[in-house]
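The values are calculated or read from the model by the stated rules, or taken from the named source; none is laboratory data. Since we're looking at a predicted model, the values are computed, not measured. We place every Cβ from the backbone using ideal geometry, glycine too, and count neighbours over all the protein chains shown. Calculation scope for accessible area: heavy atoms of the full protein, side chains included, ligands and nucleic acids excluded. Shrake-Rupley method; radii C 1.70, N 1.55, O 1.52, S 1.80 Å.
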Amino acid sequence: MQPARIFEAFPAPSYRGAQKQALTDIKAAFDAGNDVVLVRAPTGSGKSLLARAIMGCARSLQEADPAQATGAYYTTPQVSQLDDVADDDLLDDLNVIRGKSNYNCILPGEHSTPVTQAPCVRQRGYDCTVKHRCPYYSDRAIASSREIAAMTLAYFMQTAGSEIFRKRDVVVIDEAHGLAEWAEMYATIELTPARVPVWESIGVPAVHAEGDPIDRTARFAETLVGVCSRAKDELTGRPELSPDEVARRDRLNELISELNWFVEDYRDPESPTTWVVDQPDGEGTSLTIKPLDPARYLHHTVWDRGNKFALLSATILNKDAFCRGVGLAPSRVALVDVPHTFPLKNRPIYDVTQGKMTFEHRTETIPQLARVIVQLMAQHPDEKGLIHAHSYSIAEELTDRLYQFGVGERVRSHTSQNRDAELDSWKATDRPDVFVSVKMEEALDLKDDLARWQLLCKAPYLNTNDSRVARRLEDGQWPWYHRAALRTVIQGCGRVVRAPEDYGATYLGDSSLLDLFDRAASDTPPWFQAGLDAMTTPSLPPFDPDAALSAYSGSAAPTQRAGRSSPSASRSLRSTNGTSQGENQQPGRSASRKKRHPLSDVWGDE
């Protein structure tokens, strides 16, 4: 790596805000011999431009000896962030590669067939005459041979050990604050009827019935690997497979790999990983195997992939705690803080708390919170607003209340299935609609008039019914628990103010948020603490549904759409199998949920 090149590698024609100072500090951190530099850069810092400058310091082919790593990787856990990079003219030398399922075959009659189910994977020995023009293999060849390859974190982790995407000199991870949690999620193994193709052929034990549940799970995993291997070999021996059989074979391969990894790690006496297993319904039912400490997994999938690393995020709140969580020694890691350049008056935070939104208090708080939303709609009659509902159950209750109050024509919502389509529709409209959202605190750019206000309905604490969370809290890791919630709040506050001249208000509806700020004060960035110190309780208009709809006077009510909820339509916020998509439900990996799973970008082989 050549840190001296960082300024000439900056892709924009000029600097804005604190970018030049940030590059100076990053250069100094690498010059000091640090292997990893954490760049804590708030919204509007231009993290992608900083990332490109860092990648421009990577050793080139012309400078390298044959055995030395060259070039750079750019990776991010957010698909939308990768899309933004791909569309940025200043970053046109980042060569993007996506998972196979994102590409369609180009053979005649196969144009709607994803590459994961194309003839080349359905037919044994198939010789594709147009493989050199296949969009997936073409993008892969380009990305693997150019100086900078860009991909999702899921694809990056999946290609660990690949001869195509080998170790590089520099790796930049954008939105890196949740790296430990993403690694835990990627390494989690879900054994359910929908995820285990041979479910009907196995007997699932009650792993908590006797003895060590992890040891019992490991023995069951070894048995399951044998059953899966026989089923996979039978499919592999066929001359041609149907698309469904291809999916079954690929899932068997994936499951075998996951289970072997778990057993190998569990049997390794030197592994630092602690495993936990959930099986709430006992014998014969689904179980989930989870790593508590993903350090070893990250060493294989991330830290062995480069010589130098830059990790960028607004919310790496505690350097030492972050390093412990991802398996890094703090002594080889530097932290660079980028100042916030947005005027405080453009990003005010207001206290409109109505009580606690914990499960036991929610019944009393939600009606009051819904009334406040009507008041906020009157306060912002001609401006779009975003409601962070935190869970589908809260979203449903709030939406029902808003319809009962008569302001439903200004309210939009979404289901887990139509999330992206409804978000795009809301962003595209000129109407000052209010969008009731779930889990949109990150990777959402609502600049300028896309949204001028937002409400945080609930302190986003992690689910204590999750075995990993429960285990950590049993070990006294309460600071970690509070940091995780604070991180989500800070990310959420950045959705509606995206540049120094932009402006937007954030309202807090859950009194537990105020308690969170006290408990996590030592980990709060100074620029965010300044906003909290300036927080006031606003004087809102009285509760008046007509005032909330004043911008709609004289206009025809819009036609009901699939994503627009009403007291009856909001029942669609529940999944098609009748199960509420509430905050305590663990997301599955069934086919219907495949698209929105963080690993959706990499279903199929490399």
Report summary line: Output for Cβ contacts, cut-off 9 Å, separation at least six or different chains, first residue farther than 19 Å from Thr315 by Cα and open to solvent by less than 10 Å² (accessible area, probe 1.4 Å) in the stretch 165-179, second of a type in the set (Lys, Arg) and assigned to a loop (DSSP other than H, G, I, E, B), reads Asp169/Arg59; Val170/Arg59
Report task. Among the residues of the stretch 75-94, write down those that are assigned to a loop (DSSP other than H, G, I, E, B) and hydrophobic (A, V, I, L, M, F, W, C). Result -> Leu94
Report task. Output yes when any residue across the stretch 52-74 is hydrophobic (A, V, I, L, M, F, W, C), assigned to a helix (DSSP H, G or I), crowded, with 17+ Cβ neighbours inside 10 Å and modelled with pLDDT under 90, and no when none is. Result -> no
Query - Selected residue (criterion: least open to solvent (accessible area, probe 1.4 Å)) from residues of the stretch 384-412 that are among the hydroxyl-bearing types (Ser, Thr, Tyr) and over 20 Å from Asp544 (Cα atoms) - result: Ser391
Report task. With the condition kept exactly as written, say whether any residue in the stretch 279-290 is of a type in the set (D, E, K, R), in contact (Cβ under 8 Å) with a residue 60 or more places away in the chain, closer than 27 Å to Glu110 by Cβ and open to solvent by 30 Å² or more (accessible area, probe 1.4 Å). Result -> no
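Looking only at strands (runs of 3 or more DSSP E) that lie completely in the stretch 143-210, which have at least 2 residues being within 18 Å of Val326 (Cα to Cα) and out of contact with any Gly (no Cβ under 9 Å at 6 or more places or on another chain)? Don't jump to the end; show me each part of the working.
On the way: elements: 148-152, 168-174, 189-191.
Fully inside the stretch 143-210 and qualifying: 168-174.
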Report summary line: How many residues of the stretch 19-42 are crowded, with 21+ Cβ neighbours inside 10 Å and either in a loop (DSSP other than H, G, I, E, B) or among the small types (Gly, Ala, Ser) (or both)? The answer is 3
Report task. Would you please list the contacts, defined by Cβ atoms under 8 Å and residues six or more apart or on different chains, that run from a residue in the stretch 470-494 that is within 20 Å of Leu292 (Cβ to Cβ) and hydroxyl-bearing (Ser, Thr, Tyr) to a residue that is assigned to a loop (DSSP other than H, G, I, E, B) and open to solvent by 40 Å² or more (accessible area, probe 1.4 Å)? Result -> Tyr481/Tyr461; Tyr481/Leu462
Query raised in the report: Which members of the stretch 59-107 meet the condition of being over 20 Å from Leu179 (Cβ atoms), of a type in the set (Ser, Thr, Tyr) and in contact with a strand residue (DSSP E or B) (Cβ under 6 Å, 6 or more places away or on another chain)?
Result: Thr70, Ser101
Requested in this report: May I ask you to say which residue of Asp93, Asp89 is open to solvent by 50 Å² or more (accessible area, probe 1.4 Å), more than 19 Å from the chain's Cα centre (by Cα) and closer than 19 Å to Phe156 by Cβ?
Outcome: Asp93
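I'd like the full set of residues that are part of a helix (DSSP H, G or I), out of contact with any helix residue (DSSP H, G or I) (no Cβ under 6 Å at 6 or more places or on another chain) and of a type outside the set (S, T, N, Q), limited to the stretch 95-130.
Pro119, Cys120
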Report summary line: Of the candidates Thr365, Thr415, Thr341, Thr429, the one satisfying the condition of being in contact with a Lys or Arg (Cβ under 9 Å, 6 or more places away or on another chain), surrounded by fewer than 19 Cβ atoms within 10 Å (Cβ to Cβ), touching a residue at least 60 places away in the same chain (Cβ under 8 Å) and of a type in the set (Val, Ile, Thr) is Thr341
Requested in this report: Look at the stretch 193-230 and say how many of its residues are free of Cβ contacts under 8 Å to residues at least 24 places away in the same chain and under 15 Å from Arg248 (Cβ atoms).
Outcome: 3
**Report entry** The lone exception for Val263 - which of (1) assigned to a helix (DSSP H, G or I); (2) touching a Ser or Thr at 6+ places or on another chain (Cβ under 8 Å); (3) open to solvent by 10 Å² or more (accessible area, probe 1.4 Å); (4) over 30 Å from Gly56 (Cα atoms) it fails
**Finding:** (2)
Query raised in the report: Quick one: which of Ser138, Ser80 is open to solvent by less than 50 Å² (accessible area, probe 1.4 Å), among the polar types (S, T, N, Q) and touching a residue at least 40 places away in the same chain (Cβ under 8 Å)?
Result: Ser80
Query raised in the report: If a residue has to be closer than 30 Å to Asp502 by Cα and not small (Gly, Ala, Ser) to count, how many in the stretch 451-476 make the cut?
Result: 9
Query raised in the report: What tally of residues in the stretch 407-443 results from selecting those that are out of contact with any strand residue (DSSP E or B) (no Cβ under 9 Å at 6 or more places or on another chain) and assigned to a loop (DSSP other than H, G, I, E, B)?
Result: 7
